[in-house]
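Structure, as structure tokens:
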Amino acid sequence: MRIRVAAEGAPLSAAIACVEVAVFSPLPGSFTYSWPEELGEACAGIRVRVPFGKGFRNGVVLRLLRSAPEGVELKTISDRLDVQPLYDAARMQWLDRVRRYYLATHGEVWQLALAWAAHDDHRRFRCPDIGAFEKAYPLLAGLFINKRALSLKKMAAGFVTAPLVHAVHSACHAGLLNEVIQKPLLEHSEGKPFELQLTEAQTIAVDHVTGAAGFTPFLLFGCTGSGKTEVYLRAAAEMIRRGGRVLVLVPEIGLTPMWIARLQARFARVAVWHSAMTERERLAVRQHLDHTDILIGTRSALFLPLPHLSMIVVDEEHDGSFKQLDGIAYSARDMAVLLAQQLNIPIVLGSATPSLESWRQAEAGHYQRIDLASRIAVHALQVKPKIIDMRQVDGPVSPQLQHALQQTLEAGDQSILFLNRRGYAPALQCCACGDVPQCPACSMSLTLHRKAAQLRCHSCGFSRRVPLCCEACGEPALMPMGDGTEKLDEWLTEHLPALRFARFDRDMVTSHTRLSEILAAFERRELDCLLGTQMLVKGHDFPHVTLVGVINADQGMSLPDFRAGERWWQQMTQVTGRAGRGDKPGHMLIQTRMPDAPWLSRIGESEAEATMHEELELRRMLNYPPFARWVRVLFSATHADRAVQAAEAFARRCHDLSDVMISGPMPCPLERVAGRYRFEVLLRDVSRQLLPWKLAALLDTLPVPSGVRRRVDVDPQDMM
Ligand code: ADP
Ligand code: ZN
């Protein structure tokens, strides 16, 4: 049983016999299928459903082929999922560059790119006139009897023949079905004029950006509160006035209600995109994409085909969450630059603590640096962090910090405490024998969560009850070691009972709603203090905060990762930048057990330039990124020797690549994660011309042994 669909107006181009399809599978290469006449005119950039292996899969038409390859019997496309191409030629080329840069397969890259369109099942259709519908599409119409609207999913369940989606689209085209359109997620408004008078530095910045002719990357460098956002907004407004659209990328957690409120106050048609949205919400964004002036989202928003895109903004460009950790290890920031280049439009990367990568590009003259030197609120610049020696202090809070908290509370101001460790204590240790309970699956100690009475692994999620006695020696002598946010919570409750505070970490903030609630309560000043992990640091604007306390500045300073110093500095500077943003001066207290560490004197936005210069010189001397291009290839398996063998085979083949330095195989610093042993081969290219491209052929021809996972990380950010 198969429904024939009335031809879709346009004459079929008989010459197109077959198409090349990127099938959503990890297999390399693309696949050729024959194109059936009944699906109308073929075009590149539409999704199709194809028979693949024993079942069916979706894919994207990459190219039309004039003739079929000889001597092969081709399978036939079974359904057409889009009427129009999802991407234009420029974006398709861009995606192919993404694929080649990250050494991914066609299928992987398209699956990643089209995740935003993956929820077609939820599209709903309504039939205005069942009689007419029945005449043209008797079977399909049968499903609609006594139904007002049906989703594609429901239709698929009742409709056994293949080209269902195409039939639905054709019926829509003929006016026999109408798609149900969701309300826009953020209501369209009038948009208001800008009221603030820009400072001189801001005016220059806006003029530069809006005056850019074609592709121009800008590094907008200015401390927190220097008015960067105002620059983005003003430039965006000008681009939109000229008929363009704007994409704003923000880090994972930075997508705060504040950002959205600010956009909605200024622009008529705003859309937002992030990973915590429901499928319905995604569908709504997608349905209104053509009527969106400004789209703000996390890294995956990069792949939404916003039409007439004329400017991209990457806020907090140094943030690690622009880099995806699983699947294709792409950097949304870097790929945004590539997209801007492909579309020949300006892109603005903004930060108070730029990544060394971008800093270097600016130094080399590839990016245009724009400085917004000072804060709008003048007090902030006078703040100098105060270092507190914790070597003689018992407990998580020094008397100085306790005193400062008390005073801030009495003055009716707000404070922030930063401690980048969830749970009660990072480890439990036996005082009798020194044993520390480890995760059975990872090379990592277990974190104590006291209230839940559990030990948890922060790497793989493993948890178990807290043992009463040491499992190594049997003594009941287990003691918590170090401080986590839960312990700080307990300490504050006991020592500062009048302080109204909330804990802001992944254990307490489990949803977007919860996040908004806490931030709103803090904004309304129903809370005096927020204590939290790095979640707290990103992008939030707290005008009444006058005190920032860093509980343990030593954390993360000495990880075996060459970027540890850079990250630590960015984090400290971002945290301390939260103080004194309003019209009152701020205080920063930094607790440490290494008060003489040279990095401590570098904390703060005024030190940015010198710090980055120094660190960049160090990297240059060592030939580390950004002066070299690295590719890290990870092999993991449940048996260590399997992983080692695969890594060795790979490393041997790599020796054919001349001028590329090869280290390893060696165990990763985190040797075991979630029960898998991990080994790495690190490839380093000082010329930056060979990698990653040279590696493509080698990876394609070197099979991955069964039971082994291979992960290719181009420009790795995480060296653990
Ligand atoms: P950033 O993005 O660099 O942190 P913002 O653009 O958020 O800085 O600006 C910080 C604060 O200063 C905001 O409250 C903003 O409304 C205000 N602000 C920005 N530009 C101006 C200006 N030209 N005049 C007055 N206030 C401004
Ligand atoms: Zn674990």
On a 0 to 90 degree scale, rounded to 10, what angle separates helix 228-241 from the longest Cα axis of the chain? 20 degrees
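If you place +1 on the Cβ of every Lys and Arg, -1 on the Cβ of every Asp and Glu, and leave all else neutral, what size is the dipole of region 139-238 about its Cα centre, to the nearest 20 Debye?
820 debye
How large a share of the accessible area of the chain, in percent, is made up of carbon and sulfur atoms when the probe is 1.4 Å and the other protein chains stay in place?
Of the solvent-accessible surface of the chain, carbon and sulfur hold 51 percent.
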In the structure displayed, which of 386/584; 323/384; 75/154 lie more than 22 Å apart, Cα to Cα? 323/384; 75/154
With no solvent and one equal point scatterer placed on each C-alpha of region 590-630, evaluate the Debye formula and give log10 I(q)/I(0) for q = 0.20, 0.24, 0.26, 0.30 Å⁻¹, two decimals. -0.72, -0.83, -0.87, -0.95
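At 222 nm, what value in deg cm²/dmol follows for the chain if DSSP H runs of at least 4 each add -39500 (n - 2.57) and the sum is divided by all its residues, to the nearest 500?
Computed mean residue ellipticity for the chain: -8500 deg cm²/dmol.
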From highest to lowest solvent-accessible area (probe 1.4 Å; ligands, DNA and RNA excluded), 431, 460 read 431, 460
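Taking the solvent-accessible surface of protein heavy atoms with a 1.4 Å probe, what is the per residue accessible area of region 440-527 in Å²?
I get 54 Å² per residue for this part.
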Using the Karplus curve 6.51 cos²θ - 1.76 cosθ + 1.60 with θ = phi - 60°, work out ³J(HN,Hα) for each residue of region 326-340 in order, rounded to whole Hz, and write x for Gly and Pro. 10, x, 5, 7, 8, 9, 5, 5, 5, 6, 5, 4, 4, 5, 4
Can you tell me which of 651-661, 544-554 comes out highest on packing, and rank the rest after it, using the mean Cβ neighbours within 10 Å? 544-554, 651-661
How big is the charge dipole of the chain about its Cα centre, in debye rounded to the nearest 20, if each Lys and Arg gets +1 on its Cβ and each Asp and Glu gets -1 on its Cβ? 1660 debye
Can you tell me the accessible area per residue over region 273-379, all protein chains present, probe 1.4 angstrom, in square angstrom? 32 Å²
Using the Karplus curve 6.51 cos²θ - 1.76 cosθ + 1.60 with θ = phi - 60°, work out ³J(HN,Hα) for each residue of region 469-479 in order, rounded to whole Hz, and write x for Gly and Pro. 10, 4, 7, 8, 10, x, 6, x, 10, 7, 10
Order 100, 369 by their accessible area, 1.4 angstrom probe, all chains in place, largest first. 100, 369
What order, most packed first, do the peptides 687-699, 33-45 have when packing is the mean number of other Cβ atoms within 10 Å of each residue? 33-45, 687-699
The base-10 log of I(q)/I(0) that the Debye equation returns for region 255-368 at q = 0.11, 0.17, 0.19, 0.20 Å⁻¹, one scatterer per C-alpha, is -0.39, -0.93, -1.15, -1.26
Summed residue charge, Cβ within 13 Å of residue 198's Cβ, Lys/Arg positive, Asp/Glu negative: -3
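Nearest 5 is fine: what % of DSSP beta bridges in the chain come out antiparallel, could you say?
Percentage antiparallel, nearest 5: 55.
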Using Cα-only point scatterers and the Debye equation, what is log10 of I(q)/I(0) for region 455-593 at each q in 0.15, 0.19 Å⁻¹, rounded to two decimals? -0.93, -1.33
One checks the Cα atoms of region 336-466 and finds Rg and Dmax, in Å, of 23.1, 66
Among the aspartates and glutamates, which fall within straight-line cross-link reach of residue 451, defined as a Cα-Cα distance under 19 Å, with same-chain neighbours fewer than 8 residues apart omitted? 483, 486, 489, 490, 494, 505, 507
Compute the angle between helix 200-210 and the longest alpha-carbon principal axis of the chain, please, reported from 0 to 90 degrees and rounded to the nearest 10. 20 degrees
For region 206-283, the Kirkwood Rh over every pair of distinct alpha carbons, in Å, works out to 14.3 Å
Compute the long axis of helix 512-523 from its Cα atoms, compare it with the longest principal axis of the Cα atoms of the chain, and write down the angle in degrees, 0 to 90, nearest 10. 40 degrees
Which whole-number value in Å² is the accessible area per residue of region 80-183, probe 1.4 Å? 47 Å²
Looking at the chain from every direction and averaging, what is the projected area of its Cα convex hull in nm²? 36.0 nm²
Sorting check: for 149-155, 442-448, 618-624, 191-197, which peptide has the highest mean count of neighbouring beta carbons within 10 Å, and how do the rest follow? 442-448, 149-155, 618-624, 191-197
596, 121, ranked by accessible area, largest first (probe 1.4 Å): 596, 121
Per-residue accessible area for residue 466 at 1.4 Å probe radius, Å² rounded to 10? 50 Å²
Compute the relative contact order of the chain as a whole-number percentage, counting only Cα pairs closer than 8 Å that sit 6 or more residues apart in sequence. 11 percent
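Is region 510-553 rounded, prolate or oblate when judged by the Cα gyration tensor, a ≥ b ≥ c being the square roots of its eigenvalues, rounded requiring a/c under 1.5 and prolate requiring a/b larger than b/c?
Working: a/c = 1.92, a/b = 1.23, b/c = 1.57.
Here region 510-553 falls in the oblate category.
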What is the set of long-range amide H partners of residue 475 at a cut-off below 5 Å, with H atoms built 1.01 Å from backbone N? 470
Relative contact order (%) - region 36-105, alpha-carbon pairs under 8 angstrom, separation at least six: 36 percent
Compactness of region 613-678, expressed as Rg and Dmax over alpha-carbon positions, Å: 14.8, 44
Taking each pair of different alpha-carbon atoms in region 580-720 once, compute 1/r for the pair, average those values, and report the inverse of that mean as the Kirkwood hydrodynamic radius in Å to one decimal. 17.9 Å
So if I restrict to the alpha-carbon atoms in region 30-173, what is the Rg, and what is Dmax, the biggest pairwise distance, in Å? 16.9, 54
Under the Kirkwood approximation for Rh and a Cα-based Rg, what ratio Rg/Rh is obtained for region 674-720? 0.99
Over all viewing directions the Cα convex hull of region 314-379 casts an average projected area in nm² of 5.7 nm²
Sequence gap at least 6, Cα distance under 8 Å: using those rules, report the relative contact order of region 116-208 to the nearest whole percent. 32 percent
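The values are calculated or read from the model by the stated rules, or taken from the named source; none is laboratory data. This structure is a prediction, so every number in the text was calculated from the model and none was measured. So basically every Cβ, Gly included, is an ideal-geometry build from the backbone, and we count neighbours across all protein chains shown. These accessible areas exclude ligands, DNA and RNA; they are computed on the full protein's heavy atoms, side chains included. Shrake-Rupley method; radii C 1.70, N 1.55, O 1.52, S 1.80 Å.
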